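Here's the structure we're looking at; comments come further down.
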Amino acid sequence: MDTQLLYKRLALHYLNAIKAGTLTAGDRMPSVRKLMALHEVSLSTALQLCRHLEAQGWLEARPRSGYFVRHPKRIRLVPVAEPISGAPIDPAQYVGIHERVSAIIAQGQRPIKFNLARATGAPDLYPETELKNLAIRILRHKPNLLTKAIAPGGNRELKNALAKRALNQGISVAPDDVIITYGCIEALNLGLRAVAQAGDVIAVESPTFYGLLQVLESLGMKALEIPTSPQTGISIEALELAMQTYDNIKAVVVVPHLQNPLGSIMPDQHKQRLVALCEQQHIPLIEDDSYGALVESDLPPTAIKHWDTAGNVIYCASLHKILAPGMRVGWILAGRWHARITMLKYAQTRYNEELSQLVVAEFLQSSAYDRHLRRLRVALSSQRERAAEAIAAYFPPGTRLSVPNGGVSIWVELPNQLSSRAVFEAALEQGILVSPGLLYSNSNRFNHFLRLNCGMHFTPELDEAWRTLGDIILQLGKRPLSSAA
């Protein structure tokens, strides 16, 4: 077994024991020597196990004594509340996106010290050297690559590689079924344009990625927000009720794995029910799987597309978050809309440039890609726990959060309905950029939330930024509600 997989599996075993109360704060972990004998592992694996749990804040090393269990402060924080799925759909959500989104994004363009708003990891978490060397080698063998006309339909090697990788998620497709796009956002654009038109209603998760709300506005479509759980994703019951209430829903858009911004992961049973419901109602289902590869699991999560037998699911994905933020390589599996989306892609942006496709294709076909994903998930896991600990240590009482099982962001509920817009503006004055919750809905329902990045390396400087952010929230919370809004 791969060493990294082995030590993570053993670390999870002990973490479950800690969470279950079998090992409590102050208990001594088995010694490194005992771990080696008990699990028949090497010294390196036993040390990695302990250091991994230490980096996440579950263990502490005591000189000449070994490792001891500690309970991170974040354990005391209450998880983000579940939505009320049976409540009537708020008519205020049935509108186009507010101009405030554009204003907030524009404000965030100024120079800053710490970006806690982004949804990617630190640049050095991605395989910069390997990708650079691949690009150089490819250009050496194909010197006219940048000057010759691009082959139609996307690079064949990349389509082959993506079709093979899709098998790991339970998707069986031919390479010709893959349409290469400029990231997932173009894939979503194409999917929506294929199945709906201006004036139509699109059911989305609530909260949802503000970029999707912007896309819908740009296409003249209306977003109907459906209550979404921070644990299990979109409420199937609320969606079914909405379908019975509104007769002009033309598509449903969901992010099943590490939903943005909640971080929820949809159980397989929910995926099956969702596919069946949309097929029964003859409503296309658009799946955004931008984050699936970041889920902490020995096996990739199964895509919603796996249960699609009628071509009713349009699958969209990208390597932007998981391999190369600087290369907007995405793809779409269009189901029964393949011919229409192929032509829409041609009409909208023609074909993607080929160099990035060839670089990605070679990397995906090598074992280096799997090693990269394992390293990335381990690094993000540690950074996510450190960020959660910082929130627990520095944010005022009443703060709530749910730490997702993967990904680069944490969704935080501020105490006392504190305005995320006020926090955003005050933090920006200190050189800290955060992503206010009001971006993620057309209503004000999530104005007292923040989406915060945990993809950066946890340095003393970053720790101080978290402390500063906590002080800002504490001070704003002391003001009268009218002045903190």
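The values are calculated or read from the model by the stated rules, or taken from the named source; none is laboratory data. Computed from a predicted model, the values in this text were never measured in an experiment. Note that each Cβ is placed from the backbone with ideal geometry, even for glycine, and that neighbours are counted across all protein chains shown.
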Legend entry - Of all residues in the range 125-162 being in contact with a Leu (Cβ under 9 Å, 6 or more places away or on another chain) and among the small types (Gly, Ala, Ser), the one that is farthest from TRP307 (Cα to Cα): ALA135
Legend entry - Condition check for LEU239: within 24 Å of PRO436 (Cβ to Cβ) and at pLDDT 95 or above: no
Inset, instruction - Would you check if GLY311 is surrounded by 24 or more Cβ atoms within 10 Å (Cβ to Cβ), outside the structural domain of HIS13 (by TED's automatic domain parsing) and in a loop (DSSP other than H, G, I, E, B)? - result: no
Inset, instruction - Answer yes if at least one residue in the range 362-383 is farther than 18 Å from ASP298 by Cα and among the basic types (Lys, Arg), and no otherwise. - result: no
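Let's see how each residue does on (1) over 30 Å from GLU128 (Cβ atoms); (2) without any contact (Cβ under 8 Å) to a residue 24 or more places away in the chain; (3) touching a strand residue (DSSP E or B) at 6+ places or on another chain (Cβ under 7 Å); (4) not hydroxyl-bearing (Ser, Thr, Tyr):
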residue: LEU294; (1), (2), (3), (4): no, no, yes, yes
residue: ILE304; (1), (2), (3), (4): yes, no, yes, yes
residue: ASP308; (1), (2), (3), (4): yes, no, no, yes
residue: TYR315; (1), (2), (3), (4): no, no, yes, no
residue: SER318; (1), (2), (3), (4): no, no, yes, no
Legend entry - the range 325-364, subset surrounded by fewer than 19 Cβ atoms within 10 Å (Cβ to Cβ) and among the small types (Gly, Ala, Ser), residue farthest from ILE180 (Cα to Cα): GLY326
Legend entry - Answer residue from the range 164-181, given it is crowded, with 19+ Cβ neighbours inside 10 Å and of a type outside the set (A, V, I, L, M) and is farthest from LEU216 (Cα to Cα) among those: GLN169
Legend entry - Of all residues making up the range 432-483, the number that are of a type in the set (Asp, Glu) and either within 23 Å of the chain's Cα centre (by Cα) or in a loop (DSSP other than H, G, I, E, B) (or both): 1
Inset, instruction - Quick one: GLN269 ticks every box in (1) modelled with pLDDT of 95 or more; (2) surrounded by fewer than 17 Cβ atoms within 10 Å (Cβ to Cβ); (3) within 24 Å of ILE185 (Cα to Cα) except a single one, so which number is it? - result: (3)
Legend entry - Residues within the range 277-291 that are buried (at least 24 other Cβ atoms within 10 Å of the Cβ) and outside any loop (DSSP other than H, G, I, E, B), tallied: 5
Legend entry - Residue pairs meeting the criteria (Cβ under 6 Å; at least 6 apart or on separate chains; first under 18 Å from MET343 (Cα atoms), in the range 153-168; second surrounded by 17 or more Cβ atoms within 10 Å (Cβ to Cβ) and of a type in the set (Val, Ile, Thr)): GLY154/ILE180; LYS159/VAL178
Inset, instruction - Hey, could you check the range 42-94 for residues that are closer than 30 Å to LEU212 by Cβ and of a type in the set (Asp, Glu) and say which is modelled with the lowest pLDDT? - result: ASP90
Inset, instruction - Among what's in the range 320-331 and is modelled with pLDDT of 95 or more and either assigned to a loop (DSSP other than H, G, I, E, B) or of a type in the set (S, T, N, Q) (or both), pick the residue that is farthest from VAL254 (Cα to Cα). - result: LEU323
Legend entry - Test: residue in the range 119-127 that is buried (at least 16 other Cβ atoms within 10 Å of the Cβ), modelled with pLDDT of 95 or more and farther than 21 Å from GLY263 by Cβ: yes
Legend entry - Segments classed as helices (runs of 4 or more DSSP H), wholly inside the range 332-419, with at least 2 members that are free of Cβ contacts under 8 Å to residues at least 12 places away in the same chain: 338-349, 367-394
Legend entry - Residue list for the range 1-54, restricted to those being of a type in the set (Lys, Arg) and assigned to a helix (DSSP H, G or I): LYS8, ARG9, LYS19, ARG33, LYS34, ARG51
Legend entry - Residue check, GLY21 among the small types (Gly, Ala, Ser) and in contact with a strand residue (DSSP E or B) (Cβ under 9 Å, 6 or more places away or on another chain): no
